Amino acid sequence: MRDGTPGLGQYAAASDPGDPGEGHDPHSGSDSTYTSERGAIPGQRRRRTDESGGSETVLPSHRQGGMSGQAATGNGHRGGGRRKARSRKSKILRWVAIVTSVGVLGASGAAYGYYQYLSSKIRKGERSSGATNVAKTKANAAGKTAMNILILGSDTRNGSGDAALGGAADSAGARADVIMIAHLSADRTNMSVVSIPRDTRVDIPACTDPKTHQQYAAKNDIINASLGRGGPGCTLATVQNLTGVYIDHWLMIDFAGVVKMADVLGGVAVCVQHSVWDRPTAYIKHGGSGLKLTTGTHIIQGKQALQWLRTRDAFGSDTGRAQAQHMYMNSLIRTLRSKNYFSNPTELNSIATAAMSAFEVSSEIGSPTKLYDLGMQLKTIPPDRITTLTMPHIADPKAPDAHYLPDPTAAPTVWTLLRNDVAMDPNVKAKPTTSPSAKPATTAPQGPSAAAPSSITVTVVNGTAGTDTGVATTGRAHAVAQTLQTAGFTQAAESREAKPSPGTTLVYPTSSGEQGKSNALAVAKALKIPAATVKASADTRAITLTVGADWKTGTDFSATLPKAGAVPASAQASNGAEKGCMPVEPIYRWAG
């Protein structure tokens, strides 16, 4: 089985006029034709086209290609019955419930006694339990800091509730079934959510389980195994090392939590273009989430919400399932805002209480006050400023039918966008702070003027290797130092010691105060480095520019920095305000 279980799929064994049954030819009398990724069995990772050869979907055109993306590129490496049952039932967008929970909790603002009650229900864990050298994000030149939250869905079957909802007899312990990075921009005007496929092969660092104190050696393995090698803190360290993005907090939820949150919220609206029944068929005898809906829009909750989030075959592929999950998340956020749950104390009481028992958080935010602050920041971002996408990936040569590797060309672009706090949304524009008729406010002092360039000491470090195992570009520090010297910064000099860094950084000594900041901004301007990149550091004695792996050529940093919305097409980005209906593979349609 790949998705769901017969227990959840209450219609799995029933007969239906729309069920082709044994020996049925889906080509006969169908308005679509199939092209199997393996070129053999209808219903497996197929590309569906209408009679004219066009894709049949009502989703935006830039997302249609995702439905057949794996088939078209030969990366159909998720099926063929080569993985255990649990791996096909587990891909759930649990992070939707987490985001909702935190936002709702944050908006509650209840009395002290209520906070004490909530505090007693909060489950906490160590933020990081693995080896990682990614530095904490510092405030930018404007004094603001972006925030990155790791959102995990645990597929543990240790609890009876979780086992009943999706347990498999051969599964034990916990795996990071859903791994996503939620990036809140420094100005809190937009958010990007990047999912990392659970079957991506990565380097998992040495980790120590904070509960059992068991130590695990570094290992190259599938990223979902990191959760069982030191808890969420090990997954956090793994993600930091993979992306070069500092993760401030983690939040984790399990199967039962998804259902609990869906029930207490009263469900959200989803839409299907055709009546859908995801069940075992003559061609795919295993699997099927049990989802059964008629054409159009439905409010789903509880187990039905879980079925929606698990449905894969009826939506064509793993990419189709991801799009359905994004639809659910975006709809849920719109529902929360439209019903004004954030300011209804009665509703918030039940929702926040359910949330506390549904998820676990990293210890540094494990108090009602801190979760309140986080919720306030999350809820201010409107749906049309939220972008969801998936890490670009390719087939893993070691197991091309089952596992992934990060796309070496496209994935770094996504990480660069995150590290530099560049919005994934191409339509991001700064909001005016005053009305057109308002009188100009008195401008606050901007600090001292920069010193003469010739008097500013700058150390340039070659970090283009990116990681300890990467290969540096020879002469990069020398080339950039020469550019600064030509611009008048005659005291700019290359460091003899390289220091691998995924991204380019420019720091100045914290002790140098506003003058140091102004001097560093002058250096940034000479190389066209965004002012937001300039940060104070207590660990440096002079202005230090580290040329990272994102700047391997040229001396104009702005020419290499991705612009807002420069998301690779393979990331399948979508906007939180988008509405649409999921297309359904013909074999999974019924006469409802």
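The values are calculated or read from the model by the stated rules, or taken from the named source; none is laboratory data. Since the structure is predicted, the reported quantities are computational estimates derived from the model, not experimental observations. When we count neighbours, we look across all protein chains shown, and the Cβ atoms used for this are built from the backbone with ideal geometry, even at glycine. With ligands, DNA and RNA removed, areas are computed over all heavy atoms of the protein, side chains included. Shrake-Rupley method; radii C 1.70, N 1.55, O 1.52, S 1.80 Å.
Can you give me the long-range amide H partners of Ser289? Hydrogens built in the peptide plane at 1.01 Å from N, cutoff under 5 Å, separation of 5 or more residues or another chain.
Under 5 Å from the amide H of Ser289: Arg312.
Using only the Cα atoms of segment 453-577, what do you get for the radius of gyration and for Dmax, in Å?
Over segment 453-577's Cα set, Rg and Dmax evaluate to 15.4, 51 Å.
Could you work out the per residue convex hull volume over the alpha carbons of segment 540-592, in cubic angstrom?
For segment 540-592, the hull spanned by Cα atoms encloses 204 Å³ per residue.
From the backbone phi of segment 131-144, what are the Karplus-calculated ³J(HN,Hα) couplings (6.51 cos²θ - 1.76 cosθ + 1.60, θ = phi - 60°) in whole Hz, Gly and Pro given as x?
Working through the residues one at a time gives 6, 7, 10, 5, 7, 4, 5, 9, 4, 7, 4, 8, x, 10 Hz.
Over 21 Å between Cα atoms: which of Lys144/Lys535; Lys211/Lys379; Lys525/Lys552; Lys144/Lys517 fall into that group?
Lys211/Lys379
By accessible area of protein heavy atoms, probe 1.4 Å, what ranking do Cys581, Cys207 get, highest first?
Cys581, Cys207
Roll a 1.4 Å probe over the protein heavy atoms and report the accessible area of Trp551 in Å², nearest 10.
Accessible area of Trp551: about 0 Å².
What's the extension gain from Ala218 to Thr560 if we count 0.36 nm per residue and subtract their Cα-Cα distance?
Between Ala218 and Thr560, full extension yields an extra 119.8 nm.
I'd like the distance between the alpha-carbon centres of segment 359-402 and segment 464-488, rounded to an integer number of Å.
33 Å
Based on a Kirkwood Rh over C-alpha pairs, give the Stokes-Einstein translational diffusion coefficient of segment 218-257 at 25 °C and viscosity 0.890 mPa s in µm²/s.
Rounded, D is 224 µm²/s.
Order of 307-316, 181-190 by packing, highest average Cβ count within 10 Å first?
307-316, 181-190
Please work out the ratio of the alpha-carbon Rg of segment 447-527 to 2.2 N^0.38 Å and round it to two decimals.
Relative to the rule-of-thumb radius for its length, segment 447-527 sits at 1.14.
With a 10 Å radius around each residue's Cβ, average the other Cβ atoms per peptide and rank 222-234, 129-141, 289-301, highest first.
Output ranking for 222-234, 129-141, 289-301: 222-234, 289-301, 129-141.
Enumerate the calculated ³J(HN,Hα) couplings along segment 546-551 in order (Karplus 6.51 cos²θ - 1.76 cosθ + 1.60, θ = phi - 60°), each rounded to whole Hz, writing x wherever the residue is Gly or Pro.
With the stated coefficients, segment 546-551 comes to 9, 7, x, 5, 8, 9 Hz.
Amide H neighbours of Ser537 under 5 Å, at least 5 residues apart or on other chains, H built in the peptide plane: list them.
Tyr508, Thr510
Give me a comma-separated list of calculated 3J(HN,Hα) values for segment 177-187, in order, Karplus coefficients 6.51, -1.76, 1.60 applied at θ = phi - 60°, integers in Hz, x for any Gly or Pro.
Along segment 177-187, the couplings run 5, 10, 10, 9, 10, 9, 9, 9, 4, 4, 8 Hz.
Taking a probe of 1.4 angstrom, what is the accessible area of Asp221 in Å², to the nearest 10?
Rounded to the nearest 10, the figure is 30 Å².
With the cut-off at 17 Å, report for segment 276-402 the share of all Cα pairs above it, as a whole percent.
Percentage above 17 Å: 71.
Residues with amide H under 5 Å of Ala492's amide H, sequence separation 5 or more or different chain, H placed in the peptide plane at 1.01 Å from N; which?
Result for Ala492 returns Val458.
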